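A.B. asks: Next up is a structure, given as structure tokens.
The values are calculated or read from the model by the stated rules, or taken from the named source; none is laboratory data. These figures come from a predicted structure and were not determined experimentally. Cβ coordinates were reconstructed from backbone atoms using ideal geometry, including for glycine residues, and neighbour counts include every protein chain displayed.
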Amino acid sequence: MALLHLTFLYLLVLVLVDCVLPGALLLVLAAGGPLGASSSGRGVAEAAAAGLLRWEPVADLPPTARFSHAMTCGSLPGTVVALGGCAYAGCVPVFASASRYAPGAANNWTTLPNMTTLRAALAAATLHGTVFALGGVNYPNASINILASVEAFDLAAGAHWTLLAASMTAPRHGHAAAVLRGLIYAAGGLGKGGTFLASVERFDGGAHSTWALVASMATARAYFALVALEEGGPSHHGGMLVAAGGGSSVTASAEAYDPVADKWAAIADMAASRDNCAGAAMNDKAFVLGGRDSDGGLASVEVYDPAYGSWAARRKALLLQLEARTAAARRMREEGAEVSQQAATAMANARDLELQGSAAEKENRALKGGPS
């Protein structure tokens, strides 16, 4: 059930979707992450646009290859912001850097001010033109420091990052974030002692707001995909969050959150078990990309359609649709040819009758002694 495979095998891949480009195209950007069995970060990036069944290379991530970073949409059409991460095995060094990608003819990354804190395995979200960096981990003096802190960067002002007073309710790394109906959700991840978390919290981005816990996921997950769908299908009128993969063991399980009912419910499993995957939304469907299973890195992509409550391969669906349309056109041509043949036969028969009538008329005139 894989569709539109990534060009590269990404493990800690991070992906952007719904960054609207001029002309109403949707940009999907995949960048960085270890390649195959390599433990070093990659600087490569690639993108796909809605309606195109292929990935195209774009400018490499600056200033160095990385993995365990975070990405989120920028404020301008099609722009993308990449944050933090690390470069080598053991996730050392950890970066505080931030970069912004401009698509199209520019196809380049520009450097933004560094975050206030070194962060790897963080999550990121953009709300009202502000980028938020959520949690993560760093390693001061060879110790592990799991973060609950949140900092924000106003993309319009562009001056500096601000460390917010409102930290998350729990320190997290390897968690996921998504924006649904004007609220930032942070879910799962690893807590102190490497505990897998099922808890979920949300935040409205306000200067004087605080994070609030909502219903926990049924499954504790880390390094998983979290996708916000503004249109959640017939049973989720307030939109929905889709959480897929991750877990204390590599899993194909998925679940959906209803913000109106404040409840998670299991949905159909993906075709492939995966963690270290990424998620994105396009055309009111949830895409889960890359990651790894028990055999190694994955380049496959799966899509969940809430209208049908199932995962499907877009490529396969399009091919089946094309085959159906081709068969229908063939039938129409065949039926049209049959009708044309019937019409030609009828016309030939009519001409024969006309000729027979003319001959009979001539014979009748001859018998009467009239002119032929």
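A.B. asks: Looking at (1) over 30 Å from MET217 (Cβ atoms); (2) not in a loop (DSSP other than H, G, I, E, B), which is the only condition ALA177 fails?
C.D. replies: (1)
A.B. asks: Residues that are within 28 Å of ARG221 (Cα to Cα) and of a type outside the set (Ser, Thr, Tyr): list the strands (runs of 3 or more DSSP E) wholly contained in region 81-129 that include at least 3 such residues. Working first, answer last.
C.D. replies: Details: elements: 98-102, 108-112, 123-127.
By residue number, 123-127.
A.B. asks: Go through (1) loosely packed, with under 15 Cβ neighbours inside 10 Å; (2) over 20 Å from VAL94 (Cβ atoms) one by one and return the number of the condition ARG202 breaks.
C.D. replies: Exception for ARG202: condition (1).
A.B. asks: So the check is Cβ under 7 Å with 6+ separation or different chains; which pairs have a first residue in region 131-160 that's farther than 23 Å from VAL80 by Cα and a second one that's of a type in the set (D, E, K, R) and surrounded by fewer than 19 Cβ atoms within 10 Å (Cβ to Cβ)?
C.D. replies: Taking only residues 6 or more apart or on different chains, the pairs are ILE146/LYS192.
A.B. asks: Residues to consider are MET217, MET240; find the one that is touching a residue at least 60 places away in the same chain (Cβ under 8 Å) and crowded, with 19+ Cβ neighbours inside 10 Å.
C.D. replies: Working: MET217 fails: touching a residue at least 60 places away in the same chain (Cβ under 8 Å).
Every option except MET240 fails the conditions.
A.B. asks: Then there's this: Kindly indicate which of ALA170, ALA165, ALA215, ALA207 is more than 25 Å from GLY290 (Cα to Cα) and touching a helix residue (DSSP H, G or I) at 6+ places or on another chain (Cβ under 9 Å).
C.D. replies: Numbers: ALA165 fails: touching a helix residue (DSSP H, G or I) at 6+ places or on another chain (Cβ under 9 Å); ALA215 fails: touching a helix residue (DSSP H, G or I) at 6+ places or on another chain (Cβ under 9 Å); ALA207 fails: touching a helix residue (DSSP H, G or I) at 6+ places or on another chain (Cβ under 9 Å).
From the options ALA170, ALA165, ALA215, ALA207, the qualifying one is ALA170.
A.B. asks: Does VAL250 satisfy being assigned to a loop (DSSP other than H, G, I, E, B) and in contact (Cβ under 8 Å) with a residue 24 or more places away in the chain?
C.D. replies: Working: assigned to a loop (DSSP other than H, G, I, E, B): yes; in contact (Cβ under 8 Å) with a residue 24 or more places away in the chain: yes.
Yes: the conditions hold for VAL250.
A.B. asks: If you don't mind, another one. Please go through region 46-78 and give me each residue that is crowded, with 22+ Cβ neighbours inside 10 Å, under 25 Å from GLY136 (Cα atoms) and modelled with pLDDT under 85, ordered by number.
C.D. replies: Passing the criteria: LEU61, ARG66.
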